[in-house]
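The values are calculated or read from the model by the stated rules, or taken from the named source; none is laboratory data. Fair warning: this is a prediction, and the values are worked out from it, not measured in the lab. Don't worry about glycine lacking a Cβ; one is built from the backbone with ideal geometry, like all the others, and counts go over all protein chains shown. Heads up: the accessible areas ignore ligands, DNA and RNA and are worked out on the full protein's heavy atoms, side chains in. Shrake-Rupley method; radii C 1.70, N 1.55, O 1.52, S 1.80 Å.
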Amino acid sequence: MTSLASPLPDVHADTRNLLPVKLAITLGLTALADWLFYDERIGISMTLFAIALFAGSWLGNLVGLNWRRTATAALVLFVGLVPAVEELNGLTFLFIVAALAYGISILTNPDFSRLTDGLRTVRDLFLIGPFRLVADVIRLFSLNDLTAGFAKWFVPVAFGLIFLLLFASANPLIEKWIRELNPADHINLARTLFWAFMLSMVWPFIHVRWRRRKERAAAAVEPVTEHAEPRTDALDLFGADAILRSLILFNLLFAVQTVLDAAYLWGDARLPPEFTYASYAHRGAYPLIVTALLAAGFVLAAMRPGGPAGKSPVIRPLVYLWVAQNVMMVASCIQRLHLYVETYLLTTMRVAAFVWMLLVAVGLVLIVTRIILEQSNGWLIRMNLISLAATLYVCALVNLPAIIADYNVTHSKEASGKGVNLDTNYLYELGPQALPALNRAATLPGLEARLTCNRNRLLSVQAADMASWRSWGFRSWRLQRWLDSHPDKPSSAG
């Protein structure tokens, strides 16, 4: 790839004059994304958008292009898009991402000369780039008088809107209130959020910014003096003022959700007639977990070691209050899932959701512990990994298939008179460990004939497992002892 290191003009030259063009290209590509993707099934449309995005980047950075690099970048893009034309799936989508990253880097980065430079491009374009749009526009327009005020309010307003949208998707009452604030119903919140997301994703491809290799090297060896003044940046979106405003707003928003959960999930308040507790619970659990994860990310960014908010006597209590509300929200998510399981029974994925929610709650508590003990992020990562490893170790020792099968038989409509009918096919999918529960289910009215075939097949699987010492397992051995003591007749023993 060294042949690509030919001189390339600076892509930042005359950027002020190109700003209207770049903004127009960004808006056009976002409109195209809306037409291709919003509320539509995605296939070849992803390939078409990748080609349009590449062309838009080429048009927006003509000042820094040469034809040799353009041809090479186009070839890279073509090779990366071929698998997606065959079929769009997770793997081929990764090829699209890689092809765009390498193609745009070859196209516009003067320092691109090694394949490893493409990895840095993936980070710059897809992870860091989406957060640049508003700050770039402010810098390009030289709105210095508004910069400081914007930096103080951007994070509170942006995150506040995201949390509000998540709460609306999780809580029908909040959604109803938002709709009442918009009686004309001419603002589609989901579509507005889609446009904001796509604008932020497209912008870094149109207004490329590369940090030169010599600048990175100089920054790496720059001496740090003992009494150096802390660097200030008018666009520091996580300054003390922005964090304080954010925490006040977030605590108020979360308090509304906390009070509603306390009333409807933990109390005796009645839901509106158009909602059942099961649908209310299932709708809310997962968006609220996403909310808690975003909240955890914000706390980590705001309370970074050595940051401006770390020593504030006002900010720290607000952080503790907000994390406490997040823990309460995770507990409400667990209660929501519990209400759903009571109606629709248990599955492996629902058990995994319970475990995941508990890990999120532990992670939030560990974040507060890190702040109180003034530990590093490395300590936080280690403690979360220990928690994860311990949880997985316990899960490995627990006979989940037997527990799920026993719960479903006990709480099925046939056994309890409420809920849903027992899914006998799912019991079979759980494997031989479901045999005790199958035996018990066969005593329930109307189930014996439906279970005989599945039970016989599972007995054959169990016999094959026990036929050779190579497939021996302590859990299978315990099951075999139970089967030997309950030969062919159903039993109420679990």
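Points worth noting:
- Entry remark, the range 261-285: residues being open to solvent by 20 Å² or more (accessible area, probe 1.4 Å), in a helix (DSSP H, G or I) and either more than 30 Å from Val341 (Cα to Cα) or modelled with pLDDT of 70 or more (or both) number 3 in total.
- Considered as a group, the residues in the range 341-353 that are within 20 Å of the chain's Cα centre (by Cα) and buried (at least 16 other Cβ atoms within 10 Å of the Cβ) include one that is nearest to Met328 (Cα to Cα), and that residue is Ala353.
- Looking only at the range 55-95, and only at residues there that are more than 14 Å from Asn109 (Cα to Cα) and of a type in the set (Gly, Ala, Ser), the one that is nearest to the chain's Cα centre (by Cα): Gly90
- Of all residues in the range 1-46 being in a loop (DSSP other than H, G, I, E, B) and modelled with pLDDT of 50 or more, the one that is most open to solvent (accessible area, probe 1.4 Å): Arg41
- Test for Met303: is it among the hydrophobic types (A, V, I, L, M, F, W, C), open to solvent by less than 40 Å² (accessible area, probe 1.4 Å) and at pLDDT 80 or above: no
- Residue that is farthest from Trp482 (Cα to Cα), among those in the range 445-464 that are crowded, with 17+ Cβ neighbours inside 10 Å and not basic (Lys, Arg): Leu447
- Within the range 99-129, the set of residues being modelled with pLDDT of 80 or more and in contact with a Gly (Cβ under 6 Å, 6 or more places away or on another chain) comprises Ala99, Ala101, Tyr102, Ser105.
- When Ala402 is tested against (1) surrounded by fewer than 18 Cβ atoms within 10 Å (Cβ to Cβ); (2) farther than 28 Å from Trp322 by Cβ, exactly one condition is not met: (1).
- Taken together, the residues in the range 356-377 that are open to solvent by less than 40 Å² (accessible area, probe 1.4 Å) and either more than 21 Å from Arg316 (Cβ to Cβ) or hydroxyl-bearing (Ser, Thr, Tyr) (or both) amount to 3.
- Residue check for Arg475: under 40 Å from the mean Cα position of the chain (by Cα) and either touching a residue at least 60 places away in the same chain (Cβ under 8 Å) or in a loop (DSSP other than H, G, I, E, B) (or both): yes
- Qualifying residue in the range 405-423 (condition: closer than 30 Å to Val290 by Cβ, among the basic types (Lys, Arg) and in a helix (DSSP H, G or I)): no
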